[in-house]
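S.K.: I'd like to ask you about the structure that follows.
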Amino acid sequence: RPAEGAASPAEVAAVVGHAALVVTRPVEWGTVLLGFEQANRYSVLDESGELVAQLFEAESVGRTVARQLLGARRPYAATVLSPDGATVVFRLRRPMFLLNSSMTVEDGGGAVVGEVRQRWHLFRRRYELFFADGGGAMRQFAAVDSGLLAWEFELRDAAGGALALIDRNFSGFGRELFTDAG
């Protein structure tokens with residue numbers, strides 16, 4: 001039974017149970033005009049363009065300072081909410097890091113349901129994806145091994161079979177050069 005304000009299994013399926021998900025990020029004018037990094041906000045759409053979830057990075061004075069000083073290596077916490085913003089579907093947490101990052105995925109009640117771990121490589125982006133098996137152990141179900149400048153990331157299972165594809169589309173030279181939007 002989900003914690004109060006947490007998503008039920010049906011609500012989680014309504015977010016992740018699609019053939020494709022499109023994650024968009026609006027232009028952050030504070031970043032464009034002043035170079036001031038703002039908290040991340042994303043919209044998650046299904047293949048037909050319907051909003052299925054929203055993602056908001058946690059904000060505080062300390063997090064704002066860390067965002068400016070540490071950039072992508074900062075501690076990161078975000079909440080994935082239902083389209084109406086009333087239900088917590090997932091929480092994402094990543095501690096500050098120097099070389100390898102890791103991110104914990106929690107359900108709306110705070111129970112760990114998965115993890116993503118980066119494996120260091122000089123010229124590649126390598127990640128291992130895990131799910132919590134219910135008995136407290138983490139079991140790897142996928143891995144990513146892509147080039148440093150890749151825009152496509154294929155999740156492969158232990159046998160090398162494709163599970164999913166993450167693709168970042170080019171949104172125009174000016175937008176790519178001057179913004180974090182995508």
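Quick note: the coordinates plus some simple rules give every number you see, no bench work behind them. Everything quoted here is computed from the prediction, not taken from an experiment. No Cβ is skipped: glycine too gets one built from the backbone with ideal geometry, and neighbour counts run over all protein chains shown.
S.K.: Given 0.36 nm per residue, what is the gain on full extension from Phe56 to Trp120 after removing their alpha carbon distance, in nm? Each step should come with its number before you reach the end.
M.R.: Values: separation 64, 0.36 × 64 = 23.04 nm, distance 2.76 nm.
Extra length available between Phe56 and Trp120 comes to 20.3 nm.
S.K.: Using each residue's phi in segment 11-20, evaluate 6.51 cos²θ - 1.76 cosθ + 1.60 at θ = phi - 60° and report the 3J(HN,Hα) Karplus result to the nearest Hz, with x for Gly and Pro.
M.R.: 6, 5, 4, 5, 8, 9, x, 10, 5, 8
S.K.: Would you please put 13-23, 98-108 in order of how densely packed they are, using the mean number of other Cβ atoms within 10 angstrom per residue and starting with the highest? If you can, show how the numbers build up before the last one.
M.R.: Working: 13-23: 13.6, 98-108: 16.0.
Those peptides, ordered most packed to least, come out 98-108, 13-23.
S.K.: Starting at the first residue of segment 119-135, write each ³J(HN,Hα) from the Karplus equation 6.51 cos²θ - 1.76 cosθ + 1.60 with θ = phi - 60°, in whole Hz, x for Gly and Pro.
M.R.: Residue by residue, segment 119-135 yields 10, 5, 7, 5, 10, 9, 9, 10, 9, 10, 10, 10, 10, 7, 7, x, x Hz.
S.K.: Would you mind counting up the charge near Val22? Only other residues with Cβ under 14 Å from its Cβ, with Lys and Arg at +1 and Asp and Glu at -1. Before the final figure, lay out the partial values.
M.R.: Details: positive: Arg25, Arg168; negative: Asp46, Glu47, Glu50, Asp167.
Charge balance in the 14 Å sphere: -2.
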